[in-house]
Amino acid sequence: MLDNSLNKQWKIDFFKVFATEYDNIQVFEKADKKKFEHFPPVIGNFYEKTVSPEELKNICEGKLKIKKAKLDENYNDIVKIDYLKNIKSQLNNVMHQQIMNLQQEDPTFLSEEEKEIIENADFPFAKLMTVVFSKDTDEMTVEDQQEWKTNMNQFINQQFISGIINIYFTMKLYKDNNYVRLFQTPYNKKELWDEYAGNHKGFCVAYDFKQIKRTNAMNLNRLFPVLYVKEKISEDELDYDVYNYHCASIMKVRNEVTDYDNEWMFIYNHHYTETEYRMLDNLLEPIYHKTMNNPKIQQITFKNYLKEENDELIYKHEDIINDILKILESEEFDSQIHDEFEEVLKITDDEIMFDYMKPEAIYLGIKFPEEKIESYKNIVESTGTRIFQIKEKDGKIFKSII
């Protein structure tokens, strides 16, 4: 269970919905509304030390350096992949195409009642196949029926194998292409400067969300409240399964939480460029070919998952999914593709620049190097951005015009 003492209840409630109901639009919109209600008007991004003039100019022009989520020390991969739901969706598209083909050949082949039975079945695609089998084999000999059944079983198996393998590699790539950057509440908390700005030697970039415009609205949708945990949690410590990969990035290990801890994680899923897609195709094709021709995968192609139950032909879709995953998630399979797949993951850099939004202002720390203040002032003001330095008096900090 999550430690309620470290987090406000709305964060815990949001995380649960975000983890489990991410594709339920109506439910998620309610949780999203709660997130917006608690989002601060200004957020800050701290730098522990000075950066090059070029990087400073990029920051002022709205660029944000983000890194792969999996490289963060707090990354907690407790995410499950809902293979059943994903393969259902994929094969339902195949099913609708099959029904269209059947109707073109014979508009009366499937009755409205049969179509409804198929649509309401636990796995509509498999149900369509068994319905077609029962109608096509009425007047066949036993031998012909068995041959037809064998061919249909192999056809369905191939659809499942191809679909599960596609999901397996797609999710690996999706996970690898999540990029993050951590934001805090703004400059006016001394403790934040202690912790995130190299004990006041760095600087803070503040972003204004008081007025919702198109750019910051898009970025607001990519910012998520950080959930604090005393140590990385395991799957069985939660009373629900986590299916949203963003959840692996919004947990942070802290022994204690104070009132100034209000961090937000920016998460961006990178989409391959045209050049990167060409590289991906070239590198992934031999891996995919090797996977499809894996001897154990090939055995599944010919395994019979069509079973008679209560005088009804049933396709054991959960059995074939489990059999495929046993192979794909095994150490043996990983060792077979590891080196080649590592080359695939190198297509995208560990750090990339993202077109974020122009900052409201730059704040230099109390102990910011004096010899760099003037050059920072010139660069920041040349981009139309305001710049201040943090000062301290009577134990309180305030901003001062340079």
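The values are calculated or read from the model by the stated rules, or taken from the named source; none is laboratory data. The structure displayed is predicted, hence computed values, not measured ones. With ideal geometry, Cβ positions are generated from the backbone for all residues, glycine too; neighbour counts draw on all protein chains shown.
Worth a mention:
- Matching entry among Ile267, Ile250, Ile233 (being more than 17 Å from the chain's Cα centre (by Cα) and touching a residue at least 40 places away in the same chain (Cβ under 8 Å)): Ile233
- Hits in the range 74-115 (condition: free of Cβ contacts under 8 Å to residues at least 12 places away in the same chain and under 30 Å from Asp241 (Cβ atoms)): Lys85, Ser89, Asn93, His96
- Total residues in the range 1-29, condition free of Cβ contacts under 8 Å to residues at least 40 places away in the same chain and within 20 Å of the chain's Cα centre (by Cα): 10
- If you go through the range 8-25 and pick out every residue that is part of a helix (DSSP H, G or I) and surrounded by 13 or more Cβ atoms within 10 Å (Cβ to Cβ), you end up with 11.
So that you can scan it fast, the table gives a plain yes or no per residue for (1) modelled with pLDDT of 95 or more; (2) under 32 Å from the mean Cα position of the chain (by Cα):
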| residue | (1), (2) |
| --- | --- |
| Phe36 | no, yes |
| Val42 | no, yes |
| Leu56 | yes, yes |
| Tyr75 | yes, yes |
| Asn101 | no, no |
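- Among (1) part of a helix (DSSP H, G or I); (2) out of contact with any Lys or Arg (no Cβ under 6 Å at 6 or more places or on another chain); (3) without any contact (Cβ under 8 Å) to a residue 24 or more places away in the chain; (4) not polar (S, T, N, Q), the one test that Ile118 misses: (2)
- Breaking point among (1) touching a residue at least 40 places away in the same chain (Cβ under 8 Å); (2) of a type in the set (Val, Ile, Thr); (3) closer than 30 Å to Val253 by Cβ, for Thr170: (1)
- Total residues in the range 192-239, condition surrounded by 13 or more Cβ atoms within 10 Å (Cβ to Cβ) and assigned to a loop (DSSP other than H, G, I, E, B): 13
- Which numbered condition Asp259 misses (of (1) assigned to a loop (DSSP other than H, G, I, E, B); (2) in contact (Cβ under 8 Å) with a residue 60 or more places away in the chain; (3) of a type in the set (D, E, K, R)): (2)
- The residue list Ile300, Ile267, Ile233 contains one member that is of a type in the set (Val, Ile, Thr) and either within 21 Å of Lys68 (Cβ to Cβ) or in contact with a Gly (Cβ under 8 Å, 6 or more places away or on another chain) (or both), which is Ile267.
- Selection from the range 104-147 of residues that are among the β-branched types (Val, Ile, Thr) and under 23 Å from Lys88 (Cα atoms): Ile117, Ile118, Thr130, Val131, Val132
- When Ala126, Ala69 are checked against the criterion of being among the aliphatic types (A, V, I, L, M), within 30 Å of Ala206 (Cα to Cα) and in contact with a helix residue (DSSP H, G or I) (Cβ under 8 Å, 6 or more places away or on another chain), Ala69 stands alone in meeting it.
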